[in-house]
1. Length gain on complete extension for the stretch residue 100 to residue 160, per 0.36 nm per residue less the alpha carbon to alpha carbon distance?
2. Could you give each residue of the stretch 185-197 its phi-based ³J(HN,Hα) in whole Hz, using Karplus coefficients 6.51, -1.76, 1.60 with θ = phi - 60°, and x for Gly or Pro?
3. Could you compute how much accessible surface residue 64 exposes when probed at 1.4 Å, giving the result in Å² to the nearest 10?
4. In whole percent, what relative contact order does the stretch 89-206 give with Cα contacts below 8 Å and a gap of six or more residues?
5. In 10 Å bins starting at 0, how do the alpha-carbon pair distances of the stretch 93-206 split up by percent?
6. What residues have an amide H closer than 5 Å to that of residue 172, excluding those fewer than 5 places away on the same chain, when H is modeled at 1.01 Å from N in the peptide plane?
7. When the solvent-accessible surface of protein heavy atoms is calculated with a 1.4 angstrom probe, in what order do 63, 164 fall, highest first?
8. Given a Förster radius of 35 Å and the C-beta distance between residue 125 and residue 60 as r, what FRET efficiency does 1/(1 + (r/R0)^6) yield to the nearest 0.05?
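The values are calculated or read from the model by the stated rules, or taken from the named source; none is laboratory data. Owing to the predicted nature of the structure, the values given are computational and were not obtained by experimental measurement. Virtual Cβ from ideal backbone geometry, glycine too; neighbours counted across all protein chains shown. Remember, those area values only see protein heavy atoms, side chains included, never the ligands or the DNA or RNA. Shrake-Rupley method; radii C 1.70, N 1.55, O 1.52, S 1.80 Å.
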Amino acid sequence: GLMMAVWRHLPAAHAAACRGEWDRRPWGAPRMLSRMRLGIMGYGRLGGRTALIAEAIGMTVRYYDPHKPGTVPTLRELAAESDVLSLHAPGRSETRGLVSREVLQALPCGAIVINTARGELLDTEALLDLLESGHLAGAALDTIDGEYDPGFPEIFARSRLLAYSRTHDNLILTPHIGGSTVDAWGETERRVLSKAARVLGLPVDE
C-alpha cells in the first residue's frame, strides 16, 4: 500500500482533489509498477507475502536474505538492481544501519524506499539527503528508529524527517500501522498466550 501511495503521490492527489483541483496532469508517474523491479530485504513470512503481491501486479522480484537460498549475494547488489527497495528484516544488533548511505546510493536514480520493518535498519539522514538531492524519488516509512523510547514524541516533533514530510509529497510517514487490524491484534494475542502456556506447561487451546 505504501509503495503505491508514494509512487503515485496518492495523499497529495487526494489533498488536491479536496481543494477542488480536479486535474490528473500533475500526478503522472514515470512508469507503471508492472514494469519495475522490487528488491526485498529479508525474505521471511512478510517479505514472502510482499513478493506474491508484487508478482501479481507484474513486478520483477529479487531478494537479499543471508538465511535463504537463491539470494542476491549482497544488499548493495540488490539495491543496484531495484527500482523499489522494501525492508522486511528483524531489528537486531547485526541489522542496525544495514540500509546504509552506501546501499541507498547504489539504488538507481528515481528509486523509492519502503520500510515497514524496523526503523533502526535504515540510515534516515542518508535517506533524506538523497531525497533532497533528487537521487531518490520517494520513500514511505511505517516505522522510525527510537519509536519505542519514552521521549520519542518530542524528538519526532522536532525531527528532520517530519519537517521534510510537511513540505514534500514524496515522503509518507505512518505511525507503525502495518499490522494494525483488529483481527491481526487478536491473532497476535492468541499466539502470545499459546507460547506462554507452553512455557508454563499449561494446556494450549489452538
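1. Numbers: separation 60, 0.36 × 60 = 21.60 nm, distance 1.75 nm.
Difference between extended and current length: 19.8 nm.
2. Rounded to whole hertz, the list is 4, x, 5, 4, 4, 4, 5, 4, 5, 5, 5, 5, 5.
3. Surface accessible to solvent at residue 64 totals approximately 40 Å².
4. Reported relative contact order: 21 percent.
5. 12, 35, 27, 16, 9, 2
6. 139, 140, 141
7. 63, 164
8. Values: r = 30 Å, r/R0 = 0.86.
After rounding, the FRET efficiency stands at 0.70.
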